[in-house]
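The values are calculated or read from the model by the stated rules, or taken from the named source; none is laboratory data. Keep in mind that what you see is a predicted model, and the values were worked out from it rather than measured. We place every Cβ from the backbone using ideal geometry, glycine too, and count neighbours over all the protein chains shown.
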Amino acid sequence: MTTTRDDILSFALGQLAPADEARVRAALEADPALMDDYHADLAALHALPDELPPQAVPAGAEERLMARLRREQAHARPNQVLPAAPPAPAAGPARHLNWRLMLMSVVAALTLGVLFLRPQPPQDLLSQYSAAPGAQVQPLTANGQDVGQLIRLPDGRAYVHLNVLAPENRVYQLWRIEDGKPVSAGVFDGQGIVIARAQAGQTVAVSVEPVGGSEQPTTTPILVKQL
């Protein structure tokens, strides 16, 4: 089943059923391009409040917001109760509230639901993949220096892990070398990336690129490896 952009957005908001969530998570792990879409949706979600100017507060908005937050929080952690809504303001001129604060509260509530309802991914992917049954761990070297590890997985995937994070305001970009030319296989701002189909004899490379990646490498690769 094809994973759509709507699926990815629903996954980011924690709105999928368990079976669909597992399907989308597997698709993200297998496809760096989909993972980039997922990160882009998260960034857009968090940036949304910044696009909205202050507006007049509709009647009853505060009470509705607090009620929604209590529902979201109760669904995420049934034993925790949010404070009661503040009392309604006295009659007088219409007050103004920055909708940015309200939207940030909703985003925070949704995030809590995602964190507490979705199984937490392992923080140490290197250990996770290294311990997988049938995994084969190989060192990655460049200019005689140990720069990371390559973990071959029995399902045909491979995990590339580098020893250090990318420089500030830069990302790592993985390339497949096809017919002597580099083809982007995704960017990663952490220390590792999954190669969905690690074919024997295939050559891959990693370079340091601007945030968002480049169409072609703009720096000398820090790693070139034949699988």
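Check ASP7, ASP50 and return the single one that is more than 23 Å from ALA198 (Cα to Cα) and either at pLDDT 80 or above or surrounded by 12 or more Cβ atoms within 10 Å (Cβ to Cβ) (or both).
Just one listed residue meets the conditions, ASP7.
Between residues in segment 176-196 that are more than 18 Å from THR220 (Cβ to Cβ) and residues that are surrounded by fewer than 21 Cβ atoms within 10 Å (Cβ to Cβ) and of a type in the set (Val, Ile, Thr), which pairs lie under 6 Å by C-beta distance while being six or more apart or on different chains?
ASP189/VAL171
Looking only at segment 166-195, which residues are loosely packed, with under 15 Cβ neighbours inside 10 Å, in contact with a strand residue (DSSP E or B) (Cβ under 9 Å, 6 or more places away or on another chain) and not in a strand (DSSP E or B)?
Correct list: PRO167, ASN169, ASP189, GLY190.
Looking at this structure, is ASP36 modelled with pLDDT of 75 or more and in contact with a strand residue (DSSP E or B) (Cβ under 9 Å, 6 or more places away or on another chain)?
Yes, satisfied.
So is ALA200 in a loop (DSSP other than H, G, I, E, B) and buried (at least 16 other Cβ atoms within 10 Å of the Cβ) or not?
Considered against the rule, which asks whether it is in a loop (DSSP other than H, G, I, E, B) and buried (at least 16 other Cβ atoms within 10 Å of the Cβ), ALA200 comes out as no.
Can you name every residue in segment 203-227 that is in contact (Cβ under 8 Å) with a residue 40 or more places away in the chain, more than 17 Å from ASP36 (Cα to Cα) and either of a type in the set (S, T, N, Q) or assigned to a loop (DSSP other than H, G, I, E, B) (or both)?
PRO217, PRO221, ILE222, LEU227
Would you say VAL164 is touching a Lys or Arg at 6+ places or on another chain (Cβ under 6 Å) and without any contact (Cβ under 8 Å) to a residue 40 or more places away in the chain?
No.
If the requirement is being farther than 18 Å from ALA33 by Cβ and modelled with pLDDT under 90, which of these qualifies: GLN149, GLN191?
So the residue among GLN149, GLN191 that is farther than 18 Å from ALA33 by Cβ and modelled with pLDDT under 90 is GLN191.
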